[in-house]
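Report on the structure given below.
What follows is calculated from the coordinates using simple rules that are stated; it is not laboratory data. Note that the coordinates shown come from a computational prediction; the quantities given were computed from them, not determined experimentally. Neighbour counts are summed over all protein chains in view; Cβ atoms, including those assigned to glycine, are modelled from backbone coordinates with ideal geometry.
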Amino acid sequence: MVSFRISVQAACLTSLVSSMVTAPNLLAQSSVFGTLAVDANQFVLVAAPIGSGVASQLNIYEQRTSERPCYRVVGGSPSVVDPLLTSFDFTGICSRYIDANGYSLRIGNKDLGTSYRLSIVKTAGDIQLVAMPTRNISRRPTLVATAGGITDGFVQLNLEPGWSLMRRQYGGQGLGHLYLYRETWPKSSDSDA
């Protein structure tokens, strides 16, 4: 009987050690996301007013089908965006990404959604989308997009050179999350996350 208990204990210990060795690999595989290119012409980045309009947040609108327009861009620099999707049931026609659940920052193969927050900053002459460090606040904010001037309402943001939109993917399948993507940090940035 003692021999049987020792055999069972040895088998349990072997199983436990084996699962501890393989579990981190499974966890790492399940948390790794890739990127898929998107048609930038189907998207618009918007500085959307919050409340009274003093502050704004990033919204990204996607035109998924041609059934109805999801938005209309009016004007020059800066351009105003009319979010048409707010006036109808846009299910299956448009997608709207309005917070960190829908978009994040990615540099190369690093998803930086927990290290950087995408924020709208209004300066004296422009509206800017900046990546603000959340963990290492000694790092400088990184410019991602600008409006090209100041105006009220929903304002189009234009990506700075080197930046693009990419879709998060897992197992070859596109997911409902977008990346503000750049292959490497801009030269003017001291960020290396």
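So here's what we get for this one:
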quantity: Filter result for ASN158 (within 17 Å of LEU58 (Cβ to Cβ) and of a type outside the set (Lys, Arg)); calculated: yes
quantity: Residues of the stretch 75-84 classified as over 16 Å from PRO49 (Cβ atoms) and touching a strand residue (DSSP E or B) at 6+ places or on another chain (Cβ under 7 Å), total; calculated: 1
quantity: Options TYR97, TYR181, TYR116, TYR103; residue that is among the hydroxyl-bearing types (Ser, Thr, Tyr), over 21 Å from ILE50 (Cα atoms) and surrounded by 15 or more Cβ atoms within 10 Å (Cβ to Cβ); calculated: TYR181
quantity: Scan of the stretch 86-117 for residues that are of a type in the set (A, V, I, L, M, F, W, C), touching a Ser or Thr at 6+ places or on another chain (Cβ under 9 Å) and farther than 28 Å from GLU183 by Cα, ordered by number; calculated: ILE93
quantity: Filter result (of a type in the set (Ser, Thr, Tyr), touching a residue at least 60 places away in the same chain (Cβ under 8 Å) and under 20 Å from SER77 (Cβ atoms)) within the stretch 137-192; calculated: THR151
quantity: Checking ILE50 against (1) among the hydrophobic types (A, V, I, L, M, F, W, C); (2) in contact with an Asp or Glu (Cβ under 9 Å, 6 or more places away or on another chain); (3) free of Cβ contacts under 8 Å to residues at least 40 places away in the same chain, the condition it does not meet; calculated: (2)
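So that you can scan it fast, the table gives a plain yes or no per residue for (1) surrounded by 14 or more Cβ atoms within 10 Å (Cβ to Cβ); (2) among the charged types (D, E, K, R):
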residue: ALA48; (1), (2): yes, no
residue: SER56; (1), (2): yes, no
residue: THR65; (1), (2): no, no
residue: LEU85; (1), (2): yes, no
residue: ASP111; (1), (2): yes, yes
residue: ILE127; (1), (2): yes, no
residue: ALA147; (1), (2): yes, no
